[in-house]
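Peer 1: This is the structure I have questions about; it appears just below.
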Amino acid sequence: ITVCEYRANTEKALQLVQQAEILLTWAFPVNERLFDKIDDFKLGWIFALSVGVDHMPFQRLKEHGTVVSTIRGLSNSNVSEHILSLMLSFSRRLPLLFENQKKKLWDTSFPMDELYSRTLCIVGAGNIGVELAKKAKAFGMRVIGGVLFPRELPEFDAMYGLEGKHTALAQADYVVTVGPLTPDTYHLIGAEDFAVMK
């Protein structure tokens, strides 16, 4: 077992990967260029410590018989809490409060908002989307979903397919996209969609 921080020594990491049969990685770039740099590709298993692996050259990995695993399902709580923290930061104007604190200005006369009764549109109702919906409901939010394949989920007040995307986006106070990057979801949100948002 060899541990290497690739950002600190890219060449050393590349040499080690060339010899490895198993790669446990957070950010090492497994892409088409990696195949060009490695003469004898021995990797039989790549375990990515992330959910998104859309950058990987799956056709070439399949040809080599390389298995790819992710931590899908393990980051639901972490990511959903992070999203809620950002929403709270916007609603409570925390960036402005922190800037004022640095300047020793104790002005709270500007308007603040709350998440209660606001509408959250979650584009992508997978594991993370469902976990976020549960937490948002605990804040008293109305939760709607915009998905490629609509289905009823108890955590959502309403669900919209692609044909109802603009209807969903127009209602939302917050829009969160948490779907996987695939050919179907690439550029799913564009200028026309932003135009209908509040």
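Peer 1: Taking a spot 7 Å from the Cα of residue 86 along the direction of its beta carbon, which residues of region 166-197 have an amide N less than 14 Å from it?
Peer 2: Label zone hits: 174-179.
Peer 1: On the accessible surface of the chain, probed at 1.4 Å, how many percent belong to carbon and sulfur atoms?
Peer 2: Looking at the chain in its full context, I get 55 percent from C and S.
Peer 1: Lys and Arg at +1, Asp and Glu at -1: add these up for the other residues within a Cβ distance under 11 Å of residue 166 and post the number.
Peer 2: Spelling it out: positives minus negatives among the neighbours equals -2.
Peer 1: Taking region 57-147, which chymotrypsin sites (Phe, Trp or Tyr not before Pro) meet the DSSP loop condition and have no more than 12 other C-beta atoms within 10 Å?
Peer 2: Sites meeting the loop and neighbour criteria: 106, 116.
Peer 1: Continuing with this model, one more query. Students often get this wrong, so check it: of 135/198; 103/134; 62/135, which have C-alpha atoms separated by over 28 Å?
Peer 2: With Cα atoms farther than 28 Å apart: 103/134; 62/135.
Peer 1: For the chain, calculate the relative contact order in percent as a whole number, restricting contacts to Cα pairs under 8 Å that are 6 or more residues apart.
Peer 2: Relative contact order for the chain comes out at 15 percent.
Peer 1: Using a 1.4 Å probe, what is the accessible area per residue for region 13-58, in Å²?
Peer 2: Ligands and nucleic acids excluded, the result is 58 Å² per residue.
Peer 1: Additional query: May I ask for the net charge around residue 80, where only other residues with Cβ less than 12 Å from the Cβ of residue 80 are counted and Lys, Arg are +1 while Asp, Glu are -1?
Peer 2: Spelling it out: positives minus negatives among the neighbours equals 0.
Peer 1: Moving on to the next point. Which whole-number percentage describes the relative contact order of region 84-147, with Cα contacts under 8 Å and a sequence gap of 6 or more?
Peer 2: 33
Peer 1: Given a Förster radius of 25 Å and the C-beta distance between residue 45 and residue 12 as r, what FRET efficiency does 1/(1 + (r/R0)^6) yield to the nearest 0.05?
Peer 2: Here the calculated transfer efficiency is 0.75.
Peer 1: Enumerate the residues in region 133-155 having an amide nitrogen under 17 Å from the point lying 7 Å beyond the Cα of residue 72 toward its Cβ.
Peer 2: 148-149
Peer 1: What is the sum of charges, Lys and Arg at +1 and Asp and Glu at -1, for the other residues whose Cβ falls under 15 Å from the Cβ of residue 130?
Peer 2: 0
Peer 1: With everything on Cα atoms, drop me the angle between helix 127-138 and the longest principal axis of the chain, reported from 0 to 90° to the nearest 10.
Peer 2: 20
The values are calculated or read from the model by the stated rules, or taken from the named source; none is laboratory data. Not measured: the values here are computed from a predicted model. Neighbour counts run over all protein chains shown; Cβ positions are idealised from the backbone, glycine included. With ligands, DNA and RNA removed, areas are computed over all heavy atoms of the protein, side chains included. Shrake-Rupley method; radii C 1.70, N 1.55, O 1.52, S 1.80 Å.
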